[in-house]
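A short write-up of the structure that comes next.
The values are calculated or read from the model by the stated rules, or taken from the named source; none is laboratory data. All of these numbers come straight from a predicted model, not from anything done at the bench. Neighbour counts are summed over all protein chains in view; Cβ atoms, including those assigned to glycine, are modelled from backbone coordinates with ideal geometry. Accessible surface is based on the protein model in full, side chains and every heavy atom, while ligands, DNA and RNA are left aside. Shrake-Rupley method; radii C 1.70, N 1.55, O 1.52, S 1.80 Å.
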Amino acid sequence: MDDLRLGLLLNAVSPAVGGVLVRGEKGTAKSTMVRALAGLLPSIATVAGCRFACDPASPDAQCPDGPHSNEGTAERPAFLVELPVGVSEDRVVGSLDLERALAEGVKAYEPGLLAKAHRGVLYIDEVNLLQDHLVDLLLDAAAMGRSYVEREGVSVRHAARFLLVGTMNPEEGELRPQLLDRFGLTVEIAATRDADERAEVVRRRLAYDADPAGFAASWAGRELELAERIGAARELLPSVELSDLALRQITAVCAAFEVDGLRADIVMARTAVALAAWAGRTEVLEEDVRKAAQLALPHRRRRNPFDAPGLDQEQLDRTLAEHQEPDGEGPNDEGPGDGPGDGGNGPDGGGSPAPSDPTSPAQEASSEAPPAPPQQRPGGSRESSPVASEHPYRTRLFKVDGTGRGAQGRRSPAETDAGHTVRARRPQGRLTRLHLSATLRAAAPHQVARGRAGRALVLRRDDLREQVRRGRESNLVLFVVDASGSMAARQRMTAVKGAVLSLLMDAYQRRDKIGMVTFRGSGAELALPPTSSVEVGAARLEQLPTGGRTPLEAGLLRAHEVLRVERLRDPDRRALLVVVTDGRATGTRDAVARSHRAAGLLAAQGVAAVVLDCESGPVRLGLARELAAHLNGDAVSLDELRAEGVAALVREARTAMTSTATTSTTSTTSTTRKAA
């Protein structure tokens, strides 16, 4: 946990570092660590009565409660503001105080969580599950240090500088790379495998449960020392010098690792300065640059949604060695406990973990090993070893018809909390998004009859109207993949896996949940229960062996059961079924007919379906397209899946139309001239 502890403390010393993203498995005390930080932050002085925590020494000139003159000062602890996953945009940025607007006829701004977090800590648990538009809003505020509110006739700007901390479990899905880049630092944590350390964790937890106050009191002295050290480092921070040599090392490292943009360079510089201040120095050393790179660069190295964050330590060492002092001798290392990397780089120390291999499944395809001989399985069928996939490519957009009400995403049309307002309606349940103008129009004709006096509007519950917003939702994309012997030709399966991997990437970009059913041999299995972690789906796909019979009916029936259970769990999330097969079915004489009946069950439930037709060769039976007809879905060949292929067809058609029109015009002109 040393890297997490250090990352949080560096942000406490210098909030300009840009926050911390904590990635780790469940049950590793991520939330406990973050909540403990708030008690270590120094108290803040505020203008008395200011809802936006203005600093009396330099009050915000644009503060909605300002201008401030002689209101006096007050001192309070820095707040830790927790942002729930299901929070609304109004609650985050604030909104018009509707009660005062309607009752008193005045515009009044109701501050949101960003205003409350100013000069404190904003903590987002499970940040990877937060809706994208809210993440964008939060990270923009964190980067600019100011929140802009333009809504419902209210235009407000207020300071919003806070320490941004997000925690996430990668098993539940990743953040988009452009959002990862907005976090200053990222740390990876995992539970210790040392039995003595685990025993000490349990011992302390039991001691806390038995006497919380006594346990806190026993550690009060240590916490006070840590808080004082944070305060001292903050005072020392302006005196720290970032030499030209250290700056060249920082920029050289960022260039060597080919990170996008210049944000990484700036974050590394701020982190290195904070590391020096935390160590009590006024000069940035090479060890500060190295540790800053280990904290600020791994999550900026992702080139593919399926890449794991990582940093090549050997490349880092080479780059730093190439940009040392002219005489070749770098700064002397400090002794144990003096620098930011206390404890070394071993499994028990505070250094960075072992470098992870950022190779994606798509990259592995280029180095595919020679095919292994098929293995004999019990029952006489032969099983081929897994093959790598082709490089992923951009696919066509498949969506569910109609208008849904699922979680916000980027696939199918839906009524969502975000998006553009298309109309107003009477509230359906609890009112959450008031349509102000529609409400006023509904109430206006009745004001005389209701005896209105003065500016206050006389409202009745029947006058209230809510906004209906149209956007896009995420769906459950359930893959049903044929892994039987009819698909086992290695070149063919490589193309099929590349197609599924491309669809997985598309699902990642559109924020879908995904699941995977595979069928071969004597039955079907749920290879991947529905999850938001598309990376796990890609890993399962790469490990998928092939061989045996083709129990297509079993695969479709298993998909029917999975969708039935998921419909009970999340009724609003609509499903898109993607069946990857050549349409063949074996096992019984009427296997194809039985699979068509299973497809009819899915069609009767209204499940949107796409059949990825994997049939190849000069003679084609068209079984996949027959299956698509029974599913009431579309059949798409591997060649038709590529978005580039569709675009090329459109371009060819346009070119042909233009050529025809030009020929016709030329012919008409020639005829006219002859006639003249």
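Things to note:
- Within the accessible area of segment 465-610 (1.4 Å probe), percent carbon and sulfur: 48 percent
- Expected-Rg normalisation [2.2 N^0.38 Å, Cα atoms] applied to segment 511-600: 1.13
- Using the Karplus relation 6.51 cos²θ - 1.76 cosθ + 1.60 with θ = phi - 60°, the per-residue 3J(HN,Hα) values for segment 39-55 come to x, 9, 6, x, 5, 10, 8, 10, 5, 4, x, 7, 6, 10, 6, 5, 7 Hz, with x marking Gly and Pro.
- Accessible surface, per residue, of segment 468-597 when the full set of protein chains is kept, probe 1.4 Å, Å²: 35 Å²
- Cα-based Rg of segment 1-160 normalised by 2.2 N^0.38 Å, two decimals: 1.11
- DSSP beta bridges fully contained in segment 1-144 are about 60 percent antiparallel.
- Applied to segment 624-629, the Karplus parametrisation 6.51 cos²θ - 1.76 cosθ + 1.60 on θ = phi - 60° returns per-residue 3J(HN,Hα) values of 5, 6, 5, 4, 4, 5 Hz, with x for Gly and Pro.
- Segment 160-280 - Rg over Rh from alpha carbon coordinates, Kirkwood radius: 1.06
- Distant-in-sequence amide H partners of ALA524 (H built 1.01 Å from N, under 5 Å): none
- Rh (Kirkwood; distinct C-alpha pairs) - segment 1-42, Å: 10.8 Å
- Counting protein heavy atoms only, segment 143-275 has 52 percent of its accessible area on carbon and sulfur, 1.4 angstrom probe.
- Looking at segment 1-92, the accessible area is 45 square angstrom per residue; that uses a 1.4 Å probe and ignores ligands, DNA and RNA.
- Fully extended contour minus Cα-Cα distance, from ARG76 to VAL422, at 0.36 nm per residue: 120.1 nm
- Taken over the Cα atoms of segment 436-558, the convex hull encloses 151 Å³ per residue.
- Relative packing of 466-474, 238-246, which averages over residues the other C-beta atoms within 10 Å, highest first: 466-474, 238-246
- Sequence-ordered 3J(HN,Hα) estimates for segment 475-480 from the Karplus curve with 6.51, -1.76 and 1.60 and θ = phi - 60° stand at 10, 8, 9, 9, 8, 10 Hz, glycine and proline given as x.
- Accessible surface of SER88, taken over heavy atoms with a 1.4 Å probe and every protein chain present, rounds to 60 Å².
- Taken along its three principal axes, the alpha carbon spread of segment 379-512 comes to 88, 32, 18 Å, from the longest extent down to the shortest.
- Measuring between alpha carbons in the structure, the pairs from LYS30/LYS291; LYS116/LYS513; LYS26/LYS513 lying more than 27 angstrom apart are LYS116/LYS513.
- Average accessible surface area per residue within segment 177-242, 1.4 Å rolling probe, Å²: 67 Å²
- Long-range amide H partners of LEU311 with built H, under 5 Å: SER356
- Each Cα pair under 8 Å and six or more residues apart adds its sequence gap; the mean of these over the residue count of segment 389-479 is a relative contact order of 43 percent.
- Taking amide H as placed 1.01 Å from N in the peptide plane, VAL121 has its amide H under 5 Å from the amide H of PHE79, LEU80, VAL81, LEU163, each at least 5 places away in sequence or on another chain.
- Relative intensity, log₁₀ I(q)/I(0), of segment 1-83 from a Debye sum that treats every alpha carbon as a point, q = 0.16, 0.24, 0.25 Å⁻¹: -0.74, -1.15, -1.20
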